[in-house]
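One structure is given below, encoded as structure tokens.
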Amino acid sequence: MFDQLLSIISFIKPIHLWIVFILVFIYTIVMSAILLFHWYHFSTQNKYVKIASGLYFTVLAIIIFSLAVIINFIT
Amino acid sequence: MKLHALEPGERVLAEVRHHWIFFSLELIAVIFLVAFPPIAIYSLIKFWQLALPENVIALGMFIYLVWLLLVWIYFFVAWTDYYLDVLIVTDRKIIDIDQKGIFHREVASFRLERIQNIGIETPGIFSTIFDYGHLRLETAGEQKTFELRNAANPYVAKDIIMAECEKNKAIFQHHKPTDGTY
């Protein structure tokens, strides 16, 4: 079973990972826009929204940067 | 930032949300979703004593990071759902915002004079320990009952609403015309 898994993995090329990366990136942009819209239009307190958006975008940036680094490593 | 239809000079007295314990259940689910895959994979590798090539490890990291990103977005969608589902008490009215998912919102507001009864239901031992309950506001009107389920500190919210209702009533009595006309 493990050998089968390895043979499947050997078919995966960096271009496939970049496609996944772009799809994930688009999804992230869309969801972030929706969340930002909600926070800044419907929230009653600015301070919580600022903390939430700061935390959200910081972690998101770290994850996306790490994804790009890993794809480069695989390449 | 748009506050919901506040009149000039109107003050927000309180915001009543669901108790934090219900959001912490989401938090526990997120922690589990983050921690489970690496623990499970590490255990399997140790159990079968597998020696994985570097590329496979990197691919696993890639898949895990995509998973992390999806979980992170899910967490903030859940937080938004929790944070925007609120009952706003002002010195003139109550605004009941029911956030059902990310795109479905129901907003209703009614003036304090219309409140006829405020009810609180604490449904069990946990609600008594953690101080949460169902807050029901009965009004004179078409939609007669407004309910915020599992509201945090419902007795404090009730006291604030009652005090403001009394104030409004006193002002109303003070300005009542003596000839019986309104």
For this session: May I ask you to list the GluC sites (Glu not before Pro) in segment B:1-104 that are in a DSSP loop and have at most 14 other Cβ atoms within 10 Å of their Cβ?
Result: B:E10
Exercise. Chain pair B, A: how much accessible area is buried, both chains summed, with a 1.4 Å probe, in Å² to 100?
Worked result: 3400
Problem set entry | Mean residue ellipticity (222 nm) of the protein assembly as shown, computed from DSSP H runs ≥ 4 via -39,500 (n - 2.57), nearest 500 | -21000 deg cm²/dmol
Seminar exercise, completed: Residue ranges of DSSP H helices in chain B that stretch 18 Å or more (Cα, own long axis) and have mean Kyte-Doolittle hydropathy of at least 0.5 are B:20-48, B:54-84
For this session: Quote the FRET efficiency, to the nearest 0.05, computed for B:E147 versus B:F126 with a Förster distance R0 of 22 Å and r equal to the Cβ-Cβ distance.
Result: 0.75
Seminar exercise, completed: With the label point 7 Å along the Cα-to-beta-carbon line of A:A68 and a cut-off under 20 Å to each amide N, the hits in segment A:30-56 are A:30-33, A:54-56
Seminar exercise, completed: Correct semi-axes for chain A, from √(5λ) of the alpha-carbon gyration tensor and rounded to whole Å with the largest first, are 36, 12, 11
For this session: Take the Cβ-Cβ distance between B:W67 and B:Q173 as r, set R0 to 45 Å, and report the resulting FRET efficiency rounded to the nearest 0.05.
Result: 0.15
Seminar exercise, completed: Once both label points are put 7 Å beyond Cα along the C-beta direction, the B:S24-B:E54 separation in nm becomes 4.5
Exercise. Under a Cβ-Cβ cut-off of 12 Å, what is the net charge of the residues other than B:A14 that fall near it, where Lys and Arg count +1 and Asp and Glu count -1?
Worked result: -1
Problem set entry | Surface per residue (accessible, 1.4 Å probe) for segment B:22-81, Å² | 62
Seminar exercise, completed: Accessible-area order for A:Y40, B:Y82, largest to smallest, probe 1.4 angstrom, reads A:Y40, B:Y82
Exercise. Considering amide H positions built from the backbone, and no H for Pro or chain starts, which residues 5 or more places from B:D85, or on another chain, come under 5 Å of its amide H?
Worked result: B:Q99
Exercise. Any idea what angle helix A:46-74 forms with the longest principal axis of chain A, computed on alpha-carbon atoms, 0 to 90 degrees, nearest 10?
Worked result: 10
Seminar exercise, completed: Between B:E106 and A:I12, the two model label points (7 Å from Cα along the beta-carbon direction) sit apart by a distance in nm of 4.4
Exercise. R0 = 51 Å: FRET efficiency of B:L44 with A:K47, Cβ-based, nearest 0.05?
Worked result: 0.70
Seminar exercise, completed: Fraction of alpha-carbon pairs in segment B:22-81 farther than 17 Å apart, rounded to whole percent, equals 48
Exercise. Total Lys pairs in the protein assembly as shown closer than 17 Å by alpha-carbon, pairs eight or more apart in sequence or interchain only?
Worked result: 10
Seminar exercise, completed: So the carbon and sulfur contribution to the accessible area of segment B:1-54, 1.4 Å probe, in percent, is 72
Exercise. Using the alpha-carbon centroid of each, what span in Å lies between segment A:15-51 and segment A:61-75?
Worked result: 19
Exercise. From the phi of every residue in segment A:34-42, what ³J(HN,Hα) in whole Hz does the Karplus formula 6.51 cos²θ - 1.76 cosθ + 1.60 yield, where θ is phi - 60° and glycine or proline is x?
Worked result: 5, 5, 4, 4, 5, 4, 8, 9, 10
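The values are calculated or read from the model by the stated rules, or taken from the named source; none is laboratory data. In this text, all values refer to a predicted model and were calculated from it rather than measured experimentally. Using ideal geometry, Cβ is built from the backbone for each residue, glycine included, and neighbour counts are taken over all protein chains shown. Note: areas computed on protein heavy atoms with side chains; ligands, DNA, RNA excluded. Shrake-Rupley method; radii C 1.70, N 1.55, O 1.52, S 1.80 Å.
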